[in-house]
1. How much length would be gained if the chain were fully extended between residue B:363 and residue B:55, taking 0.36 nm per residue of separation minus their Cα-Cα distance, in nm to one decimal?
2. To the nearest 0.05, what FRET efficiency results for residue A:131 and residue B:374 with a Förster distance of 41 Å applied to their C-beta separation?
3. How far is it, in nm, from the label point at residue A:88 to the one at residue B:389 when both lie 7 Å from their Cα along the line to the Cβ?
4. If you count, for every residue in B:382-390, the Cβ atoms of partner chains within 10 Å of its Cβ, what is the mean?
5. For a distance above 18 Å, tell me the whole-number percent of Cα pairs in region A:5-134 that qualify.
6. Assuming 0.36 nm per residue, please report the length gained on full extension of the stretch residue B:312 to residue B:255 beyond their Cα-Cα distance.
7. Using a Gaussian network model on chain B with a 10 Å cutoff between Cα atoms, which of B:25, B:98, B:43 fluctuates the most?
8. Of B:313, B:147, A:68, A:40, how do they rank once you tally other Cβ atoms within 10 Å and put the fewest first?
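Read-outs throughout are calculated quantities, based only on the coordinates presented, and are distinct from any laboratory measurement. Predicted model only: the values in this text are computed from it and were never measured. Counting neighbours? That spans all protein chains shown, and the Cβs are built from the backbone with ideal geometry, glycine included.
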Ligand SMILES: Cc1ncc(COP(=O)(O)O)c(C=O)c1O
Ligand SMILES: [Zn+2]
């Protein structure tokens, strides 16, 4: 097994690590039993993600995908962020070893959970189907 | 500083072993089965290596069979005994929950083929209870196989006592001693061992070579069929350089055993004491009945793979039993077997030392690990949650 240079780069120097104290949306997915938890903080202004930070407990691919995913949605409209897939994140990282794909699924879920939290807090209506994912980080959901 | 601390995974070949091997590539290249002088030279090299190993384990030369490594020796001993004893209607095997996969997967295979397997508990300290073994032995028990020392948490079993119980009850006893040979004193006669697996690369010998000690009188059926090598019991042209290298490495390890043990225990205990100062840390398995070079610990709120990759960046090579390093979804079965919850087992770190490691390296580890743990905890939602639950936040 080998990680790409991109993965190692994002693992060693992850971007957007931290918390946002006055976040507009927070999403936490995964569980300790599986060995990875991802927590995403969003600052949203006029439908645009103006800032994003994350905290992740997990392996190198979990940390690298968190870092890359936050990069990919920063400054983007919510509609675009909601379209981000694991596949796109993994591709942006120049791939992950096959056995590690399951560690990457949390990034997409964490973003969705954070956006949903923002919608809920602000009474914004949304289509449930948009947030269709397994809350309890199903390891079987491989792309 | 560079610190290779993953000697339980594999060791660097020693100069002694390498120097012993070189002539076998260049001059002693014959086939030991050939009757001409070039072949005879190779034959003598293998014969001498066998005698050397037998002498160290305190058995006869013709009780040592060379194999491709620990996995093959385990497979052979277990499958062979199973086949042998099934003919007598004995189809029950006793082992432990935390054996190496070379043993556990072999047992699983046998289970699918009609054998009944009992896996003994190893408790929180990673050591079986002799009483459990006594209770588990039945009329139809074909074999007891218990590892000498565990590869992950380093705990050492009361092998002599286990062997004594087996002798008394008339059951064959095999031990996977891959992590013990060259690191602990072993005397197959005194320790009541019928079969023992060993592997060259765990004590500064070459990889892909091992041996099975099988007490005379046990007619194990063959695992590898073919030529008449190994007294008709294990076919295949001998890997002469590797056999010679393994014997040389073992001789060196045996000659320096007490000196190495003293040094390793000092390094091990210093590292454990140093790392235990990290909050929410623990040692896995018994602190004293443990391999001299094994440190196995868990740090809450961090994930093992991240920890070991960050350690690699500061020159320290270690290993972990987290799910993400095991390539499966669960943390290692060894850590679960001693009762650790998943979330703690994910944060495991194994440092395994050899006599080339130094106290300066131990200090370097003690200096490098805490800031990495802190960095990972600072970004860990699990750690944040644990702190909140404990009222520390
Ligand atoms: C306890 C134990 N048994 C068996 C093996 C397998 O040995 P080998 O790699 O020589 O097949 C190992 C090596 O990892 C081990 O640690
Ligand atoms: Zn992972």
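1. 107.1 nm
2. Between residue A:131 and residue B:374 the formula returns 0.75.
3. Between residue A:88 and residue B:389, the simple spin-label model gives 3.5 nm.
4. Mean number of neighbouring Cβ atoms from other chains: 3.
5. Of all Cα-Cα pairs in region A:5-134, 47 percent lie more than 18 Å apart.
6. That works out to 17.3 nm of additional length.
7. Residue with maximal mean-square fluctuation among B:25, B:98, B:43: B:25.
8. Sorted ascending by nearby Cβ count, the order is B:313, A:68, B:147, A:40.
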